[in-house]
Every structure is written in structure tokens, then in C-alpha cells.
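Asks: One structure is given below, represented as C-alpha cells, and several questions about it will come after.
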Amino acid sequence: MNTQVCEEDAGAPRQFATTRWSLILSASHSEDGEQKAREALNLLCRTYWRPVFSFVRRRGYSMEDAQDLTQDFFVKILEPGWLRHADPDRGRFRSLLSKSLQNFLINAAERAHTRKHGGDVKFVCWDDWMAEAPSQLSMSAQAVDSLPPERLFDLRWAATVVEHSLRRLREECESKGKRRLFHALSSYLTAERDEVSFARLSAELGIAESAVIRQLFNLRQRYRSLLRDEVAQTVADPAEVDDEIRYLCTALAAGAE
């Protein structure tokens, strides 16, 4: 998800079907669609809880308090009334979630007296999260540590988008018996041509260089498609997909400096 990918995606045809986020917006005032909208919102929350947790931690809360506040925040936004305040003019789920989180933390001390540990709702297993392998994305520790909470939120959001796209690509490859191919080529999905040793990859995979070039091209195309799909789930208007991809690319670039 680098500048090259952003530039190439910017000219790609826009294909936009009903997404989880557009479903939430369209159903927010519909009794018939309320259950589906809440299911969609639940899924989005489960996917994007890491940026929320990172934001809370950067605001100075301890690990335990940040866990509790993250749980409480998701309990809050899953309440029926929250959906009715979903504003189509703020159609990017990232922006709406970020603003809602900032407002939530303003009253965090007061809320702590009325709710503890997220009630009976549990979105994530913190022990499992802490045991996860570190991100494969290149991030400068100095840049990450110095970013303000809002920019750290966007960086973690961008990383989540990329990692979910890569996970989906890996699962597709594994389902087709191409796990080895994915692991050999996935590091080069956004690399410049002169950064790729096709001869070495040919020897490693035991296939002709022409086949390596073709397979890498196909993987890149599929990765970009999956990336666009991940972003499309979080915007309400198809016209926002390319701008959101460019913005997230910029966020990732800041984290690599």
C-alpha cells in the first residue's frame, strides 16, 4: 500500500456494491433494516478495534484502563440510538468512529462510575491480541511513538486495512494450493520492478521466470482489488474510495519515516 499503488488505483474503474458501512447508513432510520445494520456495525467494530485501543493508550491511559474503555466504547456505539446519529455527511466510518471516540473519552471519568469492563459484551480477547505476531508492515518505532493520537489512529487503521487485505489474499492462495507461492511473492506486492530478483524467485519456486512475472502480476491485481474492497466497506459513497486509499497510504508513509 505505497504511493505507487495509490497512483495506479486512482485511475481504476469504480465498482461499488452495497457494503457493510453503506448498509448501516441506509438502515439507521429503518426498523426493518435495524438488525442487519447492527450486525454490520458489530463486524466493523470487531475488525477495527485496534486503532481505537491505540488511540486510547496514546491518550495516556494504562493498558488495563484502555482495554476497559475500548470495550465500553463499543458497547456504547452498538446501542440502538447511536445508529440514528450516523451522519451520511461524515460517511467515512474511520472519521465517524474517530470523532465518536474523542467525544466518548471526554466523559470517560463520568462513564466509569456507571459501567465497568464493558458490561457483558466482549469483542476481543486481550490475551490473544497480546500474543499476536507483530505487524509485517514496516513502521518506524520513533515515528509511531511520536505521532499524536489522531494520526496514530489513522496509521493503525491503515495497517488494519492492509493486513486484512493480505490475510484474505493469503487465504485465497491457500485454498488453491498456492501457499508457497504467496509466501514467496507477498513481500513484492508493492515493490518496484528493479527490487525484484525474478531469477532468484524462479530458482526458489522451481518455475520459469516468465511464470514468476505472471504470478506476481496476478497477485498484485488481486491484492489491489481486495484492498479496494476493504476500503469500500468503510465509506458511504463510491467516490470516496480512491481518496480514502490515498489518505491511508499517506498515513502509512508517515509511520515508516
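Asks: Along the Cα→Cβ direction, 7 angstrom out, place labels at Ala191 and Asp237. What is the inter-label distance in nm?
Replies: Going from the Ala191 label point to the Asp237 one covers 3.9 nm.
Asks: Report the extension gain between Met63 and Gln102 in nm, rounded to one decimal, defined as 0.36 nm multiplied by the number of residues separating them, less their alpha carbon distance. Mind dumping the intermediate values first?
Replies: Numbers: separation 39, 0.36 × 39 = 14.04 nm, distance 1.79 nm.
This chain segment gains 12.2 nm when fully extended.
Asks: For the pair Ser202/Ser175, report the inter-label distance in nm, with labels modelled 7 Å from Cα in the Cβ direction.
Replies: 3.2
Asks: Within 10 Å of each residue's Cβ, count the other Cβ atoms and sort Asp194, Asp242, Asp237, Asp145 from fewest upward.
Replies: Listed from fewest to most nearby Cβ atoms, that is Asp194, Asp145, Asp237, Asp242.
Asks: With 10 angstrom as the radius, rank Leu205, Leu147 by how many other C-beta atoms surround their C-beta, starting from the fewest.
Replies: By the 10 Å Cβ count, ascending: Leu205, Leu147.
Asks: While we're on this one: Ranking Val196, Val241 by Cβ neighbours within 10 Å, fewest first, what do you get?
Replies: Working: Val196 16, Val241 23.
Taking fewest neighbouring Cβ atoms as first place, the list is Val196, Val241.
We did not get these values from a lab; they are worked out from the coordinates using the rules stated. This structure is a prediction, so every number in the text was calculated from the model and none was measured. Heads up, the Cβs are rebuilt from the backbone with ideal geometry, glycines too, and the neighbour counts pull from every protein chain shown.
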